[in-house]
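Working notes, beginning with the structure itself.
The values are calculated or read from the model by the stated rules, or taken from the named source; none is laboratory data. The structure displayed is predicted, hence computed values, not measured ones. Reconstructed Cβ throughout: ideal geometry from the backbone, glycine too, with neighbour counts over all protein chains shown.
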Amino acid sequence: MVEGEGASGRPVAVGRRAREVVARGERLAGLVRDVLADHVRAVDQVRAALAPLLAELVAQELEGIPVSRLKDVTEGRLRLGALEGAGFGSVRPVFEASRHELRQIPGVGAQTADQALAAARQIARALEETVSVRIDVDHPEPRTTDLVIALRRIVEAGPDLRRAVDAARGMERRLAALVPAARPAGGRLRMALLGRAGRESALAAVGELRSLVADAVSKGVPMLFTQASTDLLRESASDAEAWVDFELRSAEYYSQLAEIAGSAPDVEAAEGFLPAEVADRVHAQGLDDTHRRVSLRGYQDFGARFALAQRRVVLGDEMGLGKTIQAIAVLAHLAAGGHRHFLVVCPASVLINWTREIGSRSTLRAVPVHGPERLDAYAEWRERGGVAVTTFDVLHSLPDPKKAEQNPLEAPAALVVDEAHYVKNPDARRSRAVARWTNRCERVLFLTGTPMENRVEEFRALVRYLQPDLVPRIQGSDVVAGPHTFRRSVAPAYLRRNQQDVLTELPALVQVDEWEEFSAADQDAYREAVAAGNFMAMRRAAYAHAEKSAKLQRLRELVTEAAANDLKVVVFSYFRDVLATVQQALGDGDGGGVLGPLAGGVPAVRRQQLVDEFTDAAGHAVLLCQIEAGGVGLNLQAASVVILCEPQVKPTLEHQAVARAHRMGQVRSVQVHRLLAADSVDDRLLRILESKERLFDVYARRSDVAEATPDAVDVSDGAVARRVVEEEQRRLSLAGGASRGA
């Protein structure tokens, strides 16, 4: 056995041991080829399903372009008289004709036919880059079903697929070069026939190949490849499974569709119109997804990198663009680098949401720090690490951390402040507490969906926490010059993207469950309703005391943010008295323009008048609707935000209500916020309605019969009511009789 020295300087055996190294390299190369081929096959299936849909959209666009516009493409050289005389009114029939067909037209020669076809095809290619396929969940047809099924295979594989493909691409060339170069070292005769340089090269290749394979095995790469291929080769989903999954996570489907179709949004807009030097620094920033469980859209990936590269910034994306997910991506990246402690500060109304999102979107451990046990939870977080989630009101009571340079283990690796406009007043107690923590943290991310361009003083106050040296540069004159100029001037500390700039597949449906904890008053009202066995009272207990209602507080925050972004809002509830409470609360706050309620007793003519007033209102407006009255027969496509005050017993009621806004004619994405109370009737209802029967209902309602008679596929109201009341009475150890109001 001959020993040599590999690239690492360590001895490498020639012969059997070298052959073993080559064999392991070949197996790894086989896995690389398989996963890349499987991925290409899956992507090709999506493209094949997408092609006819794109072709139809392009044809529709060509139909609207006069044939005279072909002259513009040829700079006036094309003579179109004969084509126009033959009845060619638009570019579409020219594009769909063959050269032979055009030449049959009197007066059209070979040159004219070729020029006309070339010009039409050039316009069609340009249109292909601008049209976007919309997957209409309310009107599925065979072609869109094929597309959803093809996309589901990639979506189901999850973020690990992207990780596997990237790793495979990185290894493909190295393995293709190293395996053949190392093979001669497997035999003495072959080595003997090589010159000195050849032997050294073969030994070096064996050493490098051994290191590459060992590193891949230590990181679990072979298993990653195997799992990715397994996911890509699974049997295709049924129509029902694919459509149900699309409804549950449409954003992930659209993200994959945009990537495959190449229909990415305008780069400058997706990057917030940042100057080149800042954008280049962001692009150079890595983003580790090891601890992340969700794929990011392109603009979200850029937002997370921006926060990491710039360290102390405001992420001001318009509501509905996933600021929370981008923040979690930042924390996951830092966790992959060995950091263990992170802190999120938010309003009490979204604390549960943060806790749940961290758990579902990452492998990080969320530690709620609030309530009577907050100091114990804080101490446990200090000891074990994780993401501490606390509120503005609790933050001031927590022991201040040491500065990072004094004790790195005591200061969070990153501080995230949600709804950061809450700390615009530097003299407020919550603002002083945030200031203390920002002074001690190296990385700080402020989140706010409220546009800062028209609030210069508020923006200066926020930047003072983060990058005080930037404050003198923030001038009101930049605002006068327009939002893009303003964003460029404050680029080191501010990134904002608007929906219309980055969601190319509009209109999409973004669904958010807004989990709240009962206030003390809410809890008392709820326990009383449970003890009485009153199902309907249980469902609306969260609104019994308006001034202390956790759900109502969150509703007001959502409406206020929608108003700041000039978006129209529809609020649905099953209960008239809940709508009356909401109306009174918004009338006292920042809601403005509150119309309705649109309820069962309102005559049809008046209902349409309310809808027309809502649609015609300039800018922000709010329409209150009883869900059984507003969920059927009305078009509310002027709304961009839908708020459901409580979950419904019948899934079809929610579906039909949301469909009033998310339908043909909608030009913006629709955000659906469902207000839910933890450890309550809401929890129980969701568990029941998300069972297999619920999945069947979701698909069954697509039939004409289901649309006409939704009761035919819904769970019995009475059965659900009795089951929920009994479960809650047992959980709260409350005795009660038969349920009422079911």
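Miscellaneous remarks
- Just one of the listed residues (SER229, SER218, SER236) is modelled with pLDDT under 90, closer than 30 Å to ASP301 by Cβ, polar (S, T, N, Q) and not assigned by TED's automatic domain parsing to the domain that holds GLY320, and it is SER236.
- Matching helices (runs of 4 or more DSSP H) fully within segment 133-230 where at least 3 residues are more than 30 Å from LEU54 (Cβ to Cβ): 159-182, 188-193, 196-218
- Test: residue in segment 611-630 that is in the same structural domain as ASP682 (by TED's automatic domain parsing), modelled with pLDDT under 80, out of contact with any Ser or Thr (no Cβ under 8 Å at 6 or more places or on another chain) and crowded, with 23+ Cβ neighbours inside 10 Å: yes
- Out of GLU252, GLU247, sole residue that is part of a helix (DSSP H, G or I), in contact (Cβ under 8 Å) with a residue 60 or more places away in the chain and in contact with a strand residue (DSSP E or B) (Cβ under 9 Å, 6 or more places away or on another chain): GLU247
- Top-ranked residue of segment 14-28 - restricted to ones that are crowded, with 21+ Cβ neighbours inside 10 Å and not β-branched (Val, Ile, Thr), ranked as nearest to ARG92 (Cα to Cα): LEU28
- All of GLY593, GLY587 fail the test of being surrounded by fewer than 16 Cβ atoms within 10 Å (Cβ to Cβ), free of Cβ contacts under 8 Å to residues at least 40 places away in the same chain, more than 30 Å from GLU728 (Cα to Cα) and not charged (D, E, K, R), apart from GLY587.
- Close pairs from segment 73-97: first in the same structural domain as GLY109 (by TED's automatic domain parsing) and over 15 Å from GLN122 (Cβ atoms), partner part of a helix (DSSP H, G or I) and among the basic types (Lys, Arg), Cβ under 8 Å, at least 6 apart: LEU80/LYS71
- Hits in segment 278-314 (condition: acidic (Asp, Glu), assigned to a loop (DSSP other than H, G, I, E, B) and surrounded by fewer than 17 Cβ atoms within 10 Å (Cβ to Cβ)): ASP288
- Checked against (1) more than 30 Å from the chain's Cα centre (by Cα); (2) on the phi < 0 side of the Ramachandran plot, GLY596 passes all but a single condition, namely (2).
- Test: residue in segment 211-219 that is touching a residue at least 40 places away in the same chain (Cβ under 8 Å) and of a type in the set (Ser, Thr, Tyr): yes
- Of the helices (runs of 4 or more DSSP H) entirely within segment 419-502, those holding at least 2 residues that are modelled with pLDDT under 90 occupy 456-466, 476-480, 483-489, 499-502.
- Only one entry in LEU321, LEU331 is in contact with a Phe, Trp or Tyr (Cβ under 9 Å, 6 or more places away or on another chain), at pLDDT below 95 and buried (at least 21 other Cβ atoms within 10 Å of the Cβ), namely LEU321.
- Put simply, of GLY207, GLY220, GLY198, GLY158 the only residue that is out of contact with any Ser or Thr (no Cβ under 6 Å at 6 or more places or on another chain) and more than 30 Å from GLU241 (Cβ to Cβ) is GLY198.
- Hits in segment 107-151 - residues which are among the polar types (S, T, N, Q) and closer than 17 Å to VAL94 by Cβ: GLN111, THR112, GLN115, GLN122
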